[in-house]
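What follows is calculated from the coordinates using simple rules that are stated; it is not laboratory data. Since the structure is predicted, the reported quantities are computational estimates derived from the model, not experimental observations. Here the Cβ positions follow ideal geometry from the backbone for every residue, glycine too, while neighbour counts run over all protein chains shown.
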Amino acid sequence: MNSTLTRRTFLSSVLLTAASFAAAPAFSAPATQRKIHLGHTGITWRNSDVELAVQDVAALGFYGFETFGEVLTKEDQKGGLYPVLAKSHIPLISGYCTMNLTDPTRKKEELAKAVTWCGLIKKNKGRIFVVGPNQVPRQTYDFAVNKSNIISTLNELAQTVTDQGLTPVLHQHTGTCIESRDETYAVMETVNTNYLKFGPDVGQLTKGGQDALKVVKDFLPLIQHMHLKDFNGKDESLVGYCPLGQGRVDVPGILDLMEGRKISGMVMVELDNDFRNSTPTPIDLAKQSRDYLESIGVRFRT
């Protein structure tokens, strides 16, 4: 009797172990080791949890951190984010700053806001000003009507940010005034790229129906920063995005293009999160991307 139960217990444990291995992502050993250093943005965590985000990103071995301009403003009222970054031994690389590019009556106000955010990014030892375009009603939006205002504002904004000692990069985004392939190309082929550089979000490109790998190839000399994000269109709680390696983005191909390039910013892993579900936790999501990246040869801090 005891022998039978032992065999049953053993067989059950074997089946459970096999099932757990089947459910886990299958990562093969990397063929080559990549030298590129990757950071992570804070969007996977709530803005109010930015200190936890810094700690988690550092604990996972990423090389840099990005947060929003608004977060830097709030943290500055509490003594600044830099002490938190220093404690976790991870640098701020960039600040994501949403700017109104379509309303010319707000240009002076937006440029003044940009100068303030530049000061906060520099105060926290960052070096990249990520230009996030403003949201627009896409169903009625006419890019051609707004193009001249967008270009004019971007040119003035980029020169202002450059004069402040930072590198401005345009981050195209779904739901904004610069979303589609044609809009992205029209802007990047028209603006003064002596000042404005490109900081594409490859997940946003994919969600917007673009071939992210081709866009990166076409604008590679201008890319000084990047959001490395994956998209599968399935998980509503992640706004259709997913941990790296689980979607449509050719992550290895994009990293191959970025390998060995000296850029002002950093390739930042990112995963949007609308927080409707408590599981998996932000660090669990970031770890899934980290583990996948390790499987394709990316090294992390120890």
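A simple spin-label model places pseudo-atoms 7 Å from Cα toward Cβ; at ASN155 and THR279 they are separated by 5.5 nm. Extension gain, ASP103 to ASN47: 0.36 nm times the residue separation minus the Cα-Cα distance gives 17.4 nm. Scaling the Cα radius of gyration of the range 31-295 by the globular reference 2.2 N^0.38 Å produces a ratio of 0.95. DSSP finds beta bridges in the chain, and of those with both partners inside it, around 10 percent are antiparallel. Taking every alpha-carbon pair in the range 102-216 and binning the separations at 5 Å intervals from zero gives 2, 12, 22, 23, 20, 13, 6, 1, 0 percent. Once the Cα-Cα distance is subtracted from the 0.36 nm per residue extended length, the GLN77 to GLN135 segment shows a gain of 18.2 nm. With the convex hull of its Cα atoms as the shape, the range 168-302 has an orientation-averaged projected area of 8.5 nm². Taking the average, over residues, of other Cβ atoms within 10 Å as the packing measure, peptides 167-174, 283-290 rank 167-174, 283-290 from highest down. Near ARG127: Cβ cut-off under 14 Å, other residues only, Lys/Arg at +1 and Asp/Glu at -1. The net charge is +4. In the chain, the DSSP-assigned H stretches of four residues or longer account for a calculated mean residue ellipticity at 222 nm of -13000 deg cm²/dmol, using -39500 (n - 2.57) per stretch and the full residue count as denominator.
Relative to the longest principal axis of the Cα atoms of the chain, the long axis of helix 2-23 lies at roughly 20 degrees. Using a Cα-Cα cut-off of under 25 Å, which lysines could be cross-linked to LYS147, ignoring same-chain neighbours fewer than 8 residues away? Those lysines meeting the cut-off are LYS107, LYS108, LYS113, LYS197, LYS207, LYS214, LYS217.
Beyond 12 Å, the tail of the calculated P(r) for the range 165-210 holds 59 percent of the Cα pairs.
Full extension of the segment from ALA112 to LYS214, taken as 0.36 nm per residue of separation minus the current Cα-Cα distance, would add 33.2 nm.
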